[in-house]
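Read the structure below first, then the notes.
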Amino acid sequence: MKNLFLKQLLFSILLISLTLFMTACTTNPFTGKRTMAFVSNDALFAEAALQYRQFLSENTVITGTPEARMVAEVGNRIRLAAEKWAASMGQSRFLQNYQWEFNLIESDVVNAWVMPGGKIVFYSGILPVTRDADGLAVVMGHEVAHAILNHGQQRVSASVLQQVGAVGVAALFADRSPTMQELAMASYAAGTSIFGTLPFSRAQEIEADRVGLILMIIAGYNPEAAVDFWERMHALAGGGGIPQFLSTHPSSETRIADLKSFMPEAKRRAAEIGIMSW
C-alpha cells in the first residue's frame, strides 16, 4: 500500500513538473527560443532592485571620474543598441519594464555582473583588463545580453524544477534506510549539478557572449576587441582554473574559439539591424 502511494506521489510530482515546463514558458525575441518562466519578471525585477540598492549602500560607488563616465556611456550605448534591435523586430514593449543602471564599484575584483531588469555593476579591478571603451563594451554587451535574454528568470525556473525533482527523489526513497536516503539525495544533487545546472550555466554564458557581440557591433564598437579581451583574461588566469565541466563558465579558450567562429554571423546580423553612429 505504501509503495503504491509513493508511486502515485512520484507520478503526481512528475506531472506537475511537466505541466510547469509546458505552460510556464515564454519566447525571447532576441533568440526566438522558448524559455522557462516559472517566476514573473515583475517579481524578479522588483526584488533585484531592492538587492541592488542594498549592495550600492554597502559598497563604494565611484562617480564623477573618467572611468565612471565611460562605464555609464558604454552602458547606455549598449542599452540603446538592445532597444534598436527590439524595435527592428517590432518588440519595443519587451524591454519597457527594464530600469537600467550602470555603476562602477571600487574593488580589486576582476568582474562585472547584472541583476534581472538591467542592474549592472562593474568592479574597478576589471578596468585594467578591458583597457578602453571597446574592451569595456565586450563585458557590457555580455551583461546586457544576460539581462535581455532573461537568464536570471531561467535560472530561478531551473532551480524550481530542481527542487521539484528533489521532492520526487525523497518520495521515491522514503521507505529506505536513512543512509540510502542520504546517498540518493547526494547523488541527485551531484548529478543535477554536473549534468544539469553547470552545463545550463555555461550555455547561458556562451549565449550572452554571442548576443553581446551583436549588441556591441550595433552600438558602434570594434568586435575584434572581444577576442583580445578574453586573451588577456586567459593570460591573467595563467591558463589555470578548474576543469570546464565543473565550472559555471566556459574556459577562456572555449570562449575565444566560439567568438572567432561566430564573428562573421554577428557582423552580418548587426549590419541587418543597423549599426549606430555617434
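What the table below lists for this structure:
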{"read-out": "Single residue of Asn76, Asn97, Asn103 found to be surrounded by 16 or more Cβ atoms within 10 Å (Cβ to Cβ) and either polar (S, T, N, Q) or over 26 Å from Ser40 (Cβ atoms) (or both)", "value": "Asn103"}
{"read-out": "Qualifying positions in segment 39-69 - touching a strand residue (DSSP E or B) at 6+ places or on another chain (Cβ under 9 Å) and of a type in the set (A, V, I, L, M)", "value": "Leu44, Ala48, Ala49, Leu56, Val61, Ile62, Ala68"}
{"read-out": "Of the criteria (1) open to solvent by 50 Å² or more (accessible area, probe 1.4 Å); (2) at pLDDT 95 or above; (3) in a helix (DSSP H, G or I), which one Gly64 fails", "value": "(3)"}
{"read-out": "Residue count for segment 106-122, restricted to those that are open to solvent by less than 30 Å² (accessible area, probe 1.4 Å) and assigned to a strand (DSSP E or B)", "value": "5"}
{"read-out": "Segment 69-92 residues that are more than 17 Å from Leu213 (Cα to Cα), paired with ones that are at pLDDT below 95 (beta carbon under 6 Å, 6 or more apart)", "value": "Met89/Pro29; Gln91/Pro29"}
{"read-out": "Single residue of Asn3, Asn41 found to be surrounded by 12 or more Cβ atoms within 10 Å (Cβ to Cβ) and modelled with pLDDT of 50 or more", "value": "Asn41"}
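The values are calculated or read from the model by the stated rules, or taken from the named source; none is laboratory data. Nothing here was measured: the structure is a model prediction, and the numbers come from that model. So basically every Cβ, Gly included, is an ideal-geometry build from the backbone, and we count neighbours across all protein chains shown. Only protein heavy atoms, including side chains, enter the accessible area calculation; ligands, DNA and RNA are left aside. Shrake-Rupley method; radii C 1.70, N 1.55, O 1.52, S 1.80 Å.
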